[in-house]
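Since every read-out is calculated from the coordinates, none of them should be taken as a lab result. Given the structure is predicted, the values throughout are model-derived calculations rather than measurements. Cβ coordinates were reconstructed from backbone atoms using ideal geometry, including for glycine residues, and neighbour counts include every protein chain displayed.
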Amino acid sequence: MFSKVDTVHIIVDDLKKSVQWYTEVLEFEQVFDSGQYIVFQIGQASTTLTIQEGKVRPSSIKPILFSDALEETRLKLVEKGVNVGEIEEDGEVSFFEFWDLDGNGFEACQYMSI
């Protein structure tokens, strides 16, 4: 029925401020601007992240981003003032949570060496 996840859509309070945060802090590449929403490419992945201004509501949906260097990624986000959780382990995966300017939750993960 479906062949892939096309995009993850996130509502933000201030589109201009959030575009700056996502490009400068998370280093996402902006690939499309409709005037109403912005689409970002994340690394080499085909799935994109779209942000759109609107009423931010709590969500149980959390995008999970992969990192080859989890500890370094966490430290970089901490240095940039991002609200970041501690690194945790769950089986064969290490991960931490972090939040954008509007409290939208993300998780960064890395597969543990076997």
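Please give, to one decimal in nm, the separation of the simple spin-label points placed at Glu97 and Lys17, each 7 Å out from Cα toward the Cβ.
It is 2.2 nm.
Taking the beta-carbon count within 10 Å as an exposure proxy, list Phe106, Phe2 from fewest neighbours to most. Numbers along the way, then the final one.
Details: Phe106 20, Phe2 5.
Starting with the residue having the fewest Cβ neighbours, the order is Phe2, Phe106.
Once the Cα atoms of helix 70-79 and of the chain are each reduced to a long axis, what angle between those two axes, in degrees from 0 to 90 to the nearest 10, is obtained?
50 degrees
Per DSSP helix of 4 or more residues, -39500 (n - 2.57); summed, then divided by the residues of the chain. What does that give at 222 nm, rounded to the nearest 500? Before the final figure, lay out the partial values.
Details: 2 runs with 20 residues, N = 114.
Computed mean residue ellipticity for the chain: -5000 deg cm²/dmol.
For the chain, find the longest principal axis of its Cα atoms and tell me its angle to the long axis of helix 15-24, 0 to 90°, nearest 10.
With rounding to tens, the tilt is 30 degrees.
By per-residue mean of other Cβ atoms within 10 Å, what is the highest-first order of 19-25, 54-60?
Details: 19-25: 16.0, 54-60: 9.6.
My ranking of the peptides, most packed first, is 19-25, 54-60.
List nothing, just return the count: lysine pairs in the chain, 8 or more apart or interchain, with Cα separation under 26 Å.
12
Where in the stretch 40-114 are there GluC sites (Glu not before Pro) that are in a DSSP coil and have at most 14 other Cβ atoms within 10 angstrom of their Cβ?
Working: sites: Glu53, Glu71, Glu72, Glu79, Glu86, Glu88, Glu89, Glu92, Glu97, Glu107; in loops: Glu86, Glu92.
Here the GluC sites (Glu not before Pro) that fit, given the DSSP loop and packing criteria, are Glu86, Glu92.
For an R0 of 25 angstrom, estimate the FRET efficiency from the Cβ-Cβ distance between Gln44 and Glu71 and round to the nearest 0.05. Write down the numbers at each step before the final one.
Numbers: r = 21 Å, r/R0 = 0.85.
Result of the calculation: an efficiency of 0.70.
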